[in-house]
1. Averaged across A:50-60, how many Cβ atoms of other chains sit within 10 Å of each residue's Cβ atom?
2. Tilt of helix B:26-51 relative to the longest C-alpha principal axis of chain B, in degrees (0 to 90, nearest 10)?
3. Give the shape of the stretch B:26-129 as rounded, prolate or oblate, defined through the alpha-carbon gyration tensor: a ≥ b ≥ c are the square roots of its eigenvalues, a/c under 1.5 means rounded, and otherwise the shape is prolate if a/b is larger than b/c and oblate if not.
4. Can you compute the helix-only [θ] at 222 nm over chain A? Use -39500 (n - 2.57) per DSSP H run of at least 4 residues, normalise by all residues, nearest 500 deg cm²/dmol.
5. Run the numbers on the stretch A:21-130 and let me know its relative contact order in percent, using alpha-carbon pairs under 8 Å that are six or more apart.
6. Just to be sure I understand: if I project the alpha-carbon convex hull of the stretch B:4-85 onto a plane and average over all orientations, what area do I get in nm²?
7. Would you mind pulling out the separation of the Cα centroids of the stretch A:35-82 and the stretch A:91-129, in Å?
8. When chain A is modelled as a GNM with alpha-carbon springs shorter than 10 Å, which of A:24, A:103, A:60 fluctuates the most?
């Protein structure tokens with residue numbers, strides 16, 4: 001077949017992970033994960049509307065160890081998707097396609113997401129202290 | 001070579017509607033439009049949630065029911081679920097290849113996003129204007 005000598009698309013099993021490909025799939029994963037997280041926000045708002053008891057239940061669920069763990073994951077997912085989304089918007093304007101730039105902005109996104117997550121949680125715990 | 005025109009329709013009538021509907025970029029554009037709107041909205045959301053970490057129901061109702069929070073939260077929900085739907089739609093279209101499953105998933109996702117946004121909006125209206 002004439003098709004056989006044509007270049008193949010990368011096979012994920014043998015293709016070395018790179019900052020570009022890893023962040024690309026991470027953008028999707030965090031996007032889907034955030035969509036799941038929207039359920040928690042909706043639940044929290046509805047619990048506040050329904051009454052003190054459902055709201056107290058929601059707060060204790062969120063405040064539990066598993067709740068905090070999930071919330072931490074959602075915080076990172078949100079900041080990552082937000083920062084990488086801004087990176088995507090610059091690509092949409094035709095900027096930042098050079099290999100070096102792509103790598104630098106990629107690592108910047110990872111660092112920014114980690115830093116913002118930690119800042120948000122530090123402020124959150126500081127807020128809890130004030131209560 | 002001209003075909004014998006036995007068709008009762010005119011040449012123009014035959015080609016009409018076969019070209020671009022000029023809506024090819026609508027999905028892409030809406031995804032970007034909602035993305036840009038979500039940048040400030042999500043920063044506000046995280047800041048607001050952090051500032052109200054561990055709050056009791058009375059505090060939550062006071063916060064969610066205030067005009068600014070009420071308006072911005074409605075925007076977060078509307079724009080957020082719109083953006084989520086557009087993103088999830090692409091994920092389904094990329095990975096689900098069984099036509100019936102794909103179509104069903106797309107319909108369910110659309111209904112789910114609208115239902116969730118509406119449910120949270122009703123709760124917000126109840127908090128802001130209910131007894």
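1. The per-residue average across the peptide is 3.
2. 10 degrees
3. Verdict is prolate for the stretch B:26-129.
4. -28500 deg cm²/dmol
5. 29 percent
6. 8.8 nm²
7. 22 Å
8. Between A:24, A:103, A:60, it is A:60 that shows the largest mean-square fluctuation.
Every read-out reported here was derived from the displayed coordinates using simple, explicitly stated rules and does not represent laboratory data. Being a predicted model, the structure only gives us computed values, none of them experimental. Counting neighbours? That spans all protein chains shown, and the Cβs are built from the backbone with ideal geometry, glycine included.
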